[in-house]
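Report on the structure given below.
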Amino acid sequence: MVSLIEKQEEFVLPFEDIKKEMIDIAGGKGANLGELVSFGVKVPPGFVISVKAFHYFLHYNKIAEKIQQILSNKDEKEASMIIKQLIINSEIPQEVISTIQSKFNELKQKIGSSGVLVAVRSSATAEDIGEASFAGQQDTYLNVRESELLDKVKLVWASLYNERAIAYRKMKNIDSSNIGIAVVVQKMVNAKSAGVMFTLHPATGDTKFIVIESNWGLGESVVGGKVTPDEVVIDKDSLKIVEKKTSEKLLKVIYNRNSGSNEEVPLIGEEAKEMSISNEEAIELAKMAKKIEEHYGHPMDIEWAIDSELQFPENVFIVQARPETFWTTNKRSGTQSTKASSAEIVVKGLAASPGLATGRARVILSVSDAKDFKKGDILITKMTDPDWVPVMRIAGAIVTDEGGITSHAAIVSRELGIPAVVGTRDATQKIKEGEEITVDATRGVVYRGRVEFEESIRIEESKQYVSEQVTYYPITGTKIYMNLGQPDVINKYISLPFDGIGLMRIEFIFSEWVKYHPLYLIKIGKPDIVVEKLAEGISLVASAIYPRPVVVRFSDFKTNEYRRLIGGEEFEIEERNPMIGWRGVSRYISTQYEKAFRLEVEAVKKVRDEMGLKNVWVMLPFVRTTWEVKRVLAIIEEMGLKRGVEFKVWIMAEVPSAIILADKFARLVDGFSIGSNDLAQLTLGVDRDSEILARMGYYDERDPAVLLSMKRLIRTAHKYGKTVSICGQAPSVYPEVAEFLVREGIDSISVNPDTVAYTRRLVESIERKIMLEKIRRV
């Protein structure tokens with residue numbers, strides 16, 4: 001119980017008065033910042049509202065005992081909701097308010113500005129300690145004005161009882177009644193660039209290196225996994241740069257003074273490709289990191305920022321530092337591997353993308369809660385959609401409750417080369433937040449703890465599949481194309497034996513590069529963003545594989561997916577069944593969306609005409625009728641793209657009407673690409689994402705009705721001299737489907753990168769088999 005005669009000075013402490021031992025007063029973050037200041041590390045000036053102020057607030061409002069009763073009697077979700085509202089509705093004692101205001105006035109005088117903006121950060125007494133990482137469990141507010149300060153302090157106090165924070169403390173056996181929270185108030189750095197830094201290599205645990213990750217603007221884009229950051233690796237002993245990687249950064253986060261909030265700004269042109277941190281800034285940061293690690297005596301996880309308003313080196317700041325937990329904890333606890341034969345199996349599911357991974361499980365149900373997701377963490381969620389891609393890119397592996405081998409999680413994981421197990425039913429319930437798990441995505445099994453496999457299967461070997469696939473490159477009569485959605489991974493697959501890109505999805509460019517709804521960008525007068533980003537992504541792929549063809553499929557988002565783009569809610573209807581709703585060509589020819597579709601055509605024209613990449617063709621998705629194809633072809637031709645020897649237009653054959661009326665469609669276009677996933681779904685009346693129906697055997701691309709449709713299309717198209725391809729999963733998953741299609745004379749088969757070489761060898765063996773059969777008959 002807090003005494004009512006506490007001295008007011010103890011409610012708020014400047015950084016200079018705080019040491020690392022004062023966690024019970026200043027919380028983990030506050031104690032670490034005070035300690036950094038004590039040995040000369042530059043941090044943005046500020047102060048800490050102490051744990052004593054928080055406890056006095058609880059006592060003053062007589063809610064401490066109520067909170068403990070709620071925690072004892074309610075589940076995490078309900079307890080969180082009730083307690084947070086209780087705190088927000090309570091008053092801050094006047095003694096605490098006056099002390100906070102006094103220290104804030106001192107901060108203004110120190111900075112020399114009356115309009116100072118501050119960061120208001122949580123600093124729990126169990127936070128930033130070596131045994132567990134509490135990063136992101138409580139809330140932080142950036143760019144806070146003086147008038148907002150007290151309200152934000154209460155919100156930070158309330159966040160001690162966030163649902164995920166309560167659950168995490170239970171998992172770590174930390175008694176919530178013994179936890180307090182302080183609040184760090186710090187001048188906001190007007191960041192030119194920012195990011196994170198580790199005093200070991202986060203991918204390998206190698207302590208000889210300091211690794212810096214950087215992006216333009218605020219560090220939120222790096223910490224939250226919204227971009228692939230620039231990376232600088234520095235030798236810790238010599239402080240020399242040993243490796244630099246400049247990434248294509250798609251956005252930056254900046255503070256908008258007009259709206260009073262942070263906003264994501266797309267990066268266009270040179271800024272996106274330019275290194276966001278200079279060599280001298282990186283080395284200065286490395287010096288600080290080394291000093292911090294030497295002081296604390298163990299590897300550290302550090303956030304930093306470079307102020308755009310100051311000169312080097314005075315502009316280089318450490319925002320916070322906490323112990324690195326994953327590698328350090330494993331080494332300290334002497335983590336042992338368990339044989340797979342005796343390891344505990346947590347869940348089983350469908351093996352969607354092969355490979356092995358061991359790491360920290362992150363159970364995240366909403367992408368908005370993934371702010372503290374770290375590179376190498378294993379994502380455990382219900383199901384993914386395009387919003388999850390930034391998180392998926394840095395995940396060590398992915399495990400979902402729902403979905404089949406054609407789900408979003410499965411397709412994206414295969415393309416990124418990340419192990420994935422889908423359709424586990426209850427992974428989010430059975431896997432504990434923060435625990436170490438091993439994902440065997442070759443067999444569809446998730447184990448508890450670190451598992452050693454008796455077979456010669458290792459994570460490193462799974463990453464070498466590209467070089468292994470090209471050791472034997474057979475020539476086939478049937479072209480082998482590759483599916484691709486992420487333009488910036490083309491160089492990873494450039495050596496694979498493919499004859500072209502049979503399906504380039506541009507939805508990934510929209511969700512990751514453009515981010516805004518095209519109609520919203522038209523509304524605000526920035527349609528060029530769509531054209532530039534699409535052209536940039538398409539040309540990246542087309543130039544890398546020239547003169548091999550790239551078949552670009554126009555956007556095929558469904559309405560619910562378009563709504564999730566920034567500004568999308570204003571322009572999208574809510575449909576009960578978006579899968580068969582307003583999508584594909586029906587969208588392009590509508591009065592509501594036609595002007596946005598024209599931007600896609602303009603981007604393709606730019607790539608072909610201005611950049612000279614004539615190997616770019618296009619494909620129309622989810623075609624239903626001949627009259628809609630005629631109308632969309634008229635739009636394309638009006639925009640300056642006319643079908644001919646060098647420019648082909650294909651359509652997706654995924655709606656049964658495209659098969660039934662193949663003779664009519666063949667008179668309008670140059671080729672067909674069978675979308676076996678949707679074709680099976682619509683032919684059989686089966687939801688392809690239904691894990692129950694998949695297990696019962698209903699969703700099967702080998703079904704006679706589906707195969708008969710493919711056969712009919714090939715024969716009809718060839719009658720009119722049109723080409724037929726397939727871009728679904730069937731040929732790479734089922735050898736018998738591949739053989740069926742080759743025997744029927746399909747012109748090309750387009751598969752995901754991980755099965756390109758396998759499919760080529762399979763097709764070669766089938767073609768040899770057919771030739772031998774003909775010879776024997778003769």
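Hey, does the stretch 576-592 have a residue that's open to solvent by less than 10 Å² (accessible area, probe 1.4 Å) and either more than 30 Å from Asp687 (Cβ to Cβ) or aliphatic (A, V, I, L, M) (or both)? Scanning the stretch 576-592 turns up at least one residue that is open to solvent by less than 10 Å² (accessible area, probe 1.4 Å) and either more than 30 Å from Asp687 (Cβ to Cβ) or aliphatic (A, V, I, L, M) (or both). Considering the stretch 180-209, the residues that are surrounded by 21 or more Cβ atoms within 10 Å (Cβ to Cβ) and of a type in the set (Gly, Ala, Ser) include one that is nearest to Leu150 (Cα to Cα), namely Ala182.
Any residue at all in the stretch 155-171 that's at pLDDT 90 or above and open to solvent by 30 Å² or more (accessible area, probe 1.4 Å)? For the stretch 155-171, residues at pLDDT 90 or above and open to solvent by 30 Å² or more (accessible area, probe 1.4 Å): present. Of the residues screened, Lys29 is one that is in contact with a strand residue (DSSP E or B) (Cβ under 6 Å, 6 or more places away or on another chain) and basic (Lys, Arg). For the criterion of being over 26 Å from Val412 (Cβ atoms), part of a helix (DSSP H, G or I), of a type in the set (A, V, I, L, M) and open to solvent by 40 Å² or more (accessible area, probe 1.4 Å), Leu708 passes. Sub-7 Å Cβ pairs linking a first residue in the stretch 637-659 that is among the basic types (Lys, Arg) to a second residue that is buried (at least 16 other Cβ atoms within 10 Å of the Cβ) and modelled with pLDDT of 95 or more, at least 6 apart or interchain, are Arg643/Val649; Arg643/Asp670; Lys648/Trp617; Lys648/Asp670; Lys648/Gly671, ordered by first then second residue. Screening the candidates Ile589, Ile545 for the property of being β-branched (Val, Ile, Thr), over 26 Å from the mean Cα position of the chain (by Cα), within 26 Å of Asp488 (Cα to Cα) and modelled with pLDDT of 90 or more yields one hit, Ile545. Checking each residue in the stretch 732-778 for being assigned to a helix (DSSP H, G or I) and within 32 Å of the chain's Cα centre (by Cα) picks out Ser732, Val733, Pro753, Asp754, Thr755, Val756, Ala757, Tyr758, Thr759, Arg760.
Return the only residue of Gly195, Gly180 being closer than 30 Å to Ile100 by Cβ and either modelled with pLDDT of 85 or more or among the polar types (S, T, N, Q) (or both).
Exactly one of Gly195, Gly180 is closer than 30 Å to Ile100 by Cβ and either modelled with pLDDT of 85 or more or among the polar types (S, T, N, Q) (or both), namely Gly180.
Listed by first and then second residue, the pairs with beta-carbon distance under 7 Å, at least 6 apart or on different chains, first residue in the stretch 603-629 and touching a residue at least 12 places away in the same chain (Cβ under 8 Å) and open to solvent by 10 Å² or more (accessible area, probe 1.4 Å), second of a type in the set (Asp, Glu) and not in a strand (DSSP E or B), are Lys614/Glu646.
Residues in the stretch 330-350 that are modelled with pLDDT under 80 and touching a strand residue (DSSP E or B) at 6+ places or on another chain (Cβ under 8 Å) were compared, and the one that is surrounded by the fewest Cβ atoms within 10 Å (Cβ to Cβ) is Lys339. Residues that are in contact (Cβ under 8 Å) with a residue 40 or more places away in the chain and either open to solvent by 80 Å² or more (accessible area, probe 1.4 Å) or of a type in the set (Asp, Glu) (or both) within the stretch 71-80 comprise Glu76, Lys77, listed in sequence order. For the condition over 19 Å from the mean Cα position of the chain (by Cα) and under 22 Å from Leu142 (Cα atoms), what is the one hit in Ile234, Ile254, Ile268, Ile241? Exactly one residue qualifies, and that residue is Ile254.
For the stretch 413-428, a residue qualifies if it is at pLDDT below 85, open to solvent by 10 Å² or more (accessible area, probe 1.4 Å) and outside any loop (DSSP other than H, G, I, E, B), and the qualifying residues are Arg414, Leu416. Taken over the stretch 571-586, the criterion of being under 18 Å from Lys523 (Cα atoms) and either among the acidic types (Asp, Glu) or assigned to a helix (DSSP H, G or I) (or both) is satisfied by Glu572 alone. Just the residues that are out of contact with any helix residue (DSSP H, G or I) (no Cβ under 8 Å at 6 or more places or on another chain) and open to solvent by 40 Å² or more (accessible area, probe 1.4 Å), please, taken from the stretch 245-263. Within the stretch 245-263, Lys245, Ile254, Tyr255, Arg257, Asn258, Ser259, Ser261, Glu263 meet the criteria.
Every residue, every condition in (1) aromatic (Phe, Trp, Tyr); (2) more than 25 Å from Glu21 (Cα to Cα); (3) free of Cβ contacts under 8 Å to residues at least 12 places away in the same chain, yes or no:
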site: Glu294; (1), (2), (3): no, no, yes
site: Ile302; (1), (2), (3): no, no, no
site: Ile306; (1), (2), (3): no, yes, no
site: Glu309; (1), (2), (3): no, yes, no
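Of the residues making up the stretch 593-602, those that are among the basic types (Lys, Arg) and buried (at least 19 other Cβ atoms within 10 Å of the Cβ) number 1. Put simply, of Arg777, Arg760 the only residue that is of a type in the set (D, E, K, R) and surrounded by fewer than 19 Cβ atoms within 10 Å (Cβ to Cβ) is Arg777.
Step by step: first the residues of the stretch 264-274, then only those that are in contact with a strand residue (DSSP E or B) (Cβ under 7 Å, 6 or more places away or on another chain) and touching a residue at least 60 places away in the same chain (Cβ under 8 Å), then the one that is most open to solvent (accessible area, probe 1.4 Å). Which residue is that? Per the stated criteria, the residue is Glu264.
For the stretch 228-243, which positions are part of a loop (DSSP other than H, G, I, E, B) and either farther than 21 Å from Arg393 by Cα or open to solvent by 60 Å² or more (accessible area, probe 1.4 Å) (or both)? Those that are part of a loop (DSSP other than H, G, I, E, B) and either farther than 21 Å from Arg393 by Cα or open to solvent by 60 Å² or more (accessible area, probe 1.4 Å) (or both): Lys236, Asp237, Ser238, Leu239, Lys240. The condition of being open to solvent by 50 Å² or more (accessible area, probe 1.4 Å), closer than 21 Å to Ile746 by Cβ and assigned to a loop (DSSP other than H, G, I, E, B) holds for Arg702.
The values are calculated or read from the model by the stated rules, or taken from the named source; none is laboratory data. None of these values were measured; they are calculated from a predicted model. Neighbour counts run over all protein chains shown; Cβ positions are idealised from the backbone, glycine included. Note: accessible area is taken over every heavy atom of the protein model, side chains too, but ligands, DNA and RNA are not part of it. Shrake-Rupley method; radii C 1.70, N 1.55, O 1.52, S 1.80 Å.
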